[in-house]
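The values are calculated or read from the model by the stated rules, or taken from the named source; none is laboratory data. None of the values given here were measured: they were computed from a predicted structure. Cβ placement follows ideal geometry from the backbone for every residue including glycine, while neighbour counts extend to all protein chains displayed.
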């Protein structure tokens, strides 16, 4: 039987859930493939309604979902309530995008003469890739887990999803799964459009199953590497979308310190310690001018006063302490405020470490998942640029600077941009907006560079292009027929927006 | 010194070219990174003109390029002349796409309230990924080599390119490279926007160079697997776009045989033997009704009468004979017409093998790169669908059928579509049209499923999404500023086409 552990108390309880064995994983994946044969033929408007039906079911279980997640993650009710709101919003935004249809990239090239001779009729559209395996994360029991962005974008793209429940929150996963199932059922979808797998062994079996066509994973670099190796050894390798770690450098300019240092110290400390620092976009490293002692003292003072925070599970709690220690011992960072364990559960207080830019080495830059920030003191912008070469690439970078300083920071902005997927100005990278233009991805090891796991374009990961050559109209999808006008399309090279019509 | 071999005679000659050593590969890659720092800041209209400048330079060397390629590949002058036309056309089409700007996927989400609280301003656009390594292919000295689609799409996306010349045509590669360099120079681009590497060892070094951000490769599955392993072992893995092999099944229905069997036999034979069968889209396996003996006899008769054709190099010539033999001995195919070697050079005559659908095994389906077709005789559509499970996935599939038969072939069409990236009706998969909607990709091992190497969207492989959050206007690219209107953009969820403007 699978256990659930309350991280606030470290007390484990039995559940009625069991680890999924290999035969059952194979059955679930095959059932997802059967569901795919059905749902791939359903019209787009139906699919949008299916997503809205799931959103409604999640909303209707809000209290139970949030309370279950509180007891399995130790995250606050306010945070989890907001996360569920975001999760529901996400399904509805994808529904809107499915209705709008631009994501299909529908393209029609009519038969025409070319310099190479007669060109055939070519029509292209993105089509669903097939059953997707989605691994839940420890730190977002809703938004990056069973009902999260990977699931919503894969379903929106027209694919079944087989979930791997995260061991940190099995009951939340199971309850969210029943909401997905009920939403699908009410929309008339096959039940096996979603499946769920419990246990680490089942997850490994899942990524090697021949029916699975893509994998979405949020978690550690080490686990990500293992899954990637399993996938590379498949007879047919498949796309792996991993979000594996991110330090998210943040730079404060001298001008910003002078203009609003107090405000930034407060904002930065809140961003580092929100959700106990267990966010993929937590700014884990901040570049602060050498002379800005007051700013650093402000951070230090806040950390000293902070109460213990609950970390998600035993593993994260243990490695947080170990990593903090290594950053000091091996990385040479000064422990301005060291973390202290609380009396009960998996608790810890925030830590502030400090190092000079010139002394920064790779040993000082390992991501410590939890409420910790490494303050790097710099004299010149060139010192920051040099130090960035030591830091792995990230999801985000942030710059606090006054407008008048920007021209002189041109090189720094280019260096930060080359290393991340999102550049934040005078704000904080945490609190990722879910919208049409959001990009939540970055160069390795942040993710696989080319795709996002948040925002409407997250669907692109689970779609593949397909071309029909000289196809009879009866064979074409509606969206590629000549008289179809209600989605954006590119016809003979000219992009047109939708008009009212069939 | 590097040798060049005329495949028509098997005579080798010395060139003045030398294999690139590791230090030189590192220098070339670093120089490409420096060029990137320059060209990434150039405006889009400049980039379009740069592509047109390259096209003009290739055009101006047409005679020398074609004659050099004839002597290094044994392909006909007509074929190579057409290939160069296609290559030049491709640069100009990408220039048009760069001007049009839709490929940027420019998206603006203005700051706005959301159910989760205030949403920041988010602006997203695709940006160039960085220096790209492009491996030339043996079979397309222009269109998939130094000046080919990977190069054109990587440059169009704003990236420098480091080429790995194919050993089959070093002189053609070098001459095409000088055209690229001259075109760049005339456009005012840094010379190191393109670089070139000769020799197998240099190619392996290239894919592990830290400056290289993506790899485009067309070639064998074995070599592709080796490059993928090298990339997976990099500290920072990068995207690998391989085109590794493709059988391209073609199905002829009973109705099509009755209505136009003679015409299809002629067209199929031409498609199998064009360019001596050395095309990635060659239909290597054809499903023909059991009763259509006349159709198969027609193919057999054509093969018996055919003159020897020149294969590209010693390796392809040797493995063609070996594979044909294995398909008969291990695959159990009947050798209706066995290949015969010509008297001089790397020549061979076309082969027609035959097998019953029920007897088809994986051993009978290895791709024989050269003028060979395996005819699979079937009784029912279900036999074809079952046989497809034995065949690796492909770039294309083709169906010859009468309109009246289509409803009954629904399941077959779905099965073919699930296994390929392009579905051709009543035509041939060879002769790939270069256009906005073309898709030349397919599930593994054809390619990596999600991307194309032909057509305007080939650029997507060498672009990455980037988001700016609350960025001051001075920092934003022109295309994301509020008053910019001259490319398609999605603003607050609404897609608009370009209007005349700044």
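What the table below lists for this structure:
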| item | result |
| --- | --- |
| Single condition residue B:449 does not satisfy, out of (1) crowded, with 23+ Cβ neighbours inside 10 Å; (2) facing chain A (nearest Cβ under 7 Å); (3) within 14 Å of the chain's Cα centre (by Cα) | (1) |
| Filtered residue count, region B:345-391, keeping only those that are farther than 27 Å from residue B:5 by Cα and not in a loop (DSSP other than H, G, I, E, B) | 25 |
| So residue B:493, is it within 10 Å of chain A (Cβ to nearest Cβ), touching a helix residue (DSSP H, G or I) at 6+ places or on another chain (Cβ under 9 Å) and over 30 Å from residue B:265 (Cβ atoms) | yes |
| Wholly enclosed helices (runs of 4 or more DSSP H) of region B:189-300 bearing at least 1 residues closer than 30 Å to residue B:20 by Cα | B:200-208, B:221-232 |
| Residue in region B:173-182 that is touching a helix residue (DSSP H, G or I) at 6+ places or on another chain (Cβ under 6 Å), over 17 Å from residue B:97 (Cβ atoms) and assigned to a loop (DSSP other than H, G, I, E, B) present | no |
| Residue match in region B:455-466 (condition: assigned to a loop (DSSP other than H, G, I, E, B), more than 7 Å from chain A (Cβ to nearest Cβ) and surrounded by 21 or more Cβ atoms within 10 Å (Cβ to Cβ)) | yes |
| Search result, residues across region B:485-499 that are touching a residue at least 24 places away in the same chain (Cβ under 8 Å), assigned to a loop (DSSP other than H, G, I, E, B) and over 14 Å from residue A:496 (Cβ atoms) | B:486, B:487, B:492, B:493 |
| Residue check for residue A:444: in contact with a strand residue (DSSP E or B) (Cβ under 7 Å, 6 or more places away or on another chain), in a loop (DSSP other than H, G, I, E, B) and within 7 Å of chain B (Cβ to nearest Cβ) | no |
| Of the criteria (1) at pLDDT 95 or above; (2) within 8 Å of chain A (Cβ to nearest Cβ); (3) in contact with a helix residue (DSSP H, G or I) (Cβ under 8 Å, 6 or more places away or on another chain); (4) in a loop (DSSP other than H, G, I, E, B), which one residue B:423 fails | (4) |
| Identity of the residue in region A:467-483, in a loop (DSSP other than H, G, I, E, B) and touching a residue at least 40 places away in the same chain (Cβ under 8 Å), that ends up farthest from the other protein chains (Cβ to nearest Cβ) | A:482 |
| Cβ-Cβ under 8 Å pairs, at least 6 apart or on other chains, region B:1-14 side on the phi > 0 side of the Ramachandran plot, far side loosely packed, with under 14 Cβ neighbours inside 10 Å and at pLDDT below 95 | B:10/B:344 |
| Count of residues meeting criterion [touching a strand residue (DSSP E or B) at 6+ places or on another chain (Cβ under 6 Å) and either modelled with pLDDT under 95 or at the interface with chain A (Cβ under 7 Å from one of its Cβ atoms) (or both)] in region B:428-441 | 6 |
| Conditions (1) without any contact (Cβ under 8 Å) to a residue 40 or more places away in the chain; (2) farther than 14 Å from residue A:470 by Cβ; (3) in a loop (DSSP other than H, G, I, E, B): number failed by residue B:438 | (2) |
| Residue B:133 being surrounded by 24 or more Cβ atoms within 10 Å (Cβ to Cβ) and part of a helix (DSSP H, G or I) | no |
| Any chance residue B:124 is modelled with pLDDT of 95 or more and either within 30 Å of residue B:7 (Cα to Cα) or within 9 Å of another protein chain (Cβ to nearest Cβ) (or both) | yes |
| Search result, residues across region A:398-414 that are closer than 21 Å to residue B:37 by Cα, surrounded by fewer than 21 Cβ atoms within 10 Å (Cβ to Cβ) and more than 7 Å from every other protein chain (Cβ to nearest Cβ) | A:407, A:408, A:409, A:410, A:411, A:414 |
| Filter result for residue A:383 (in contact with a helix residue (DSSP H, G or I) (Cβ under 6 Å, 6 or more places away or on another chain), surrounded by fewer than 20 Cβ atoms within 10 Å (Cβ to Cβ) and away from every other protein chain (no Cβ under 11 Å)) | yes |
| Scan of region B:303-333 for residues that are over 29 Å from the mean Cα position of the chain (by Cα), surrounded by 16 or more Cβ atoms within 10 Å (Cβ to Cβ) and in a helix (DSSP H, G or I), ordered by number | B:328 |
| Lone unmet requirement of (1) in a helix (DSSP H, G or I); (2) free of Cβ contacts under 8 Å to residues at least 60 places away in the same chain for residue A:404 | (2) |
| Within region A:1-117, helices (runs of 4 or more DSSP H) holding 1 or more residues that are touching a strand residue (DSSP E or B) at 6+ places or on another chain (Cβ under 9 Å) and either surrounded by fewer than 23 Cβ atoms within 10 Å (Cβ to Cβ) or within 13 Å of another protein chain (Cβ to nearest Cβ) (or both) | A:22-39, A:62-73, A:77-100 |
| Sole exception among (1) buried (at least 18 other Cβ atoms within 10 Å of the Cβ); (2) modelled with pLDDT under 95; (3) in contact with a helix residue (DSSP H, G or I) (Cβ under 7 Å, 6 or more places away or on another chain) for residue B:255, by number | (2) |
| Residue satisfying condition, being on the phi < 0 side of the Ramachandran plot, surrounded by 24 or more Cβ atoms within 10 Å (Cβ to Cβ) and within 14 Å of another protein chain (Cβ to nearest Cβ), within set A:234, A:225, A:213 | A:213 |
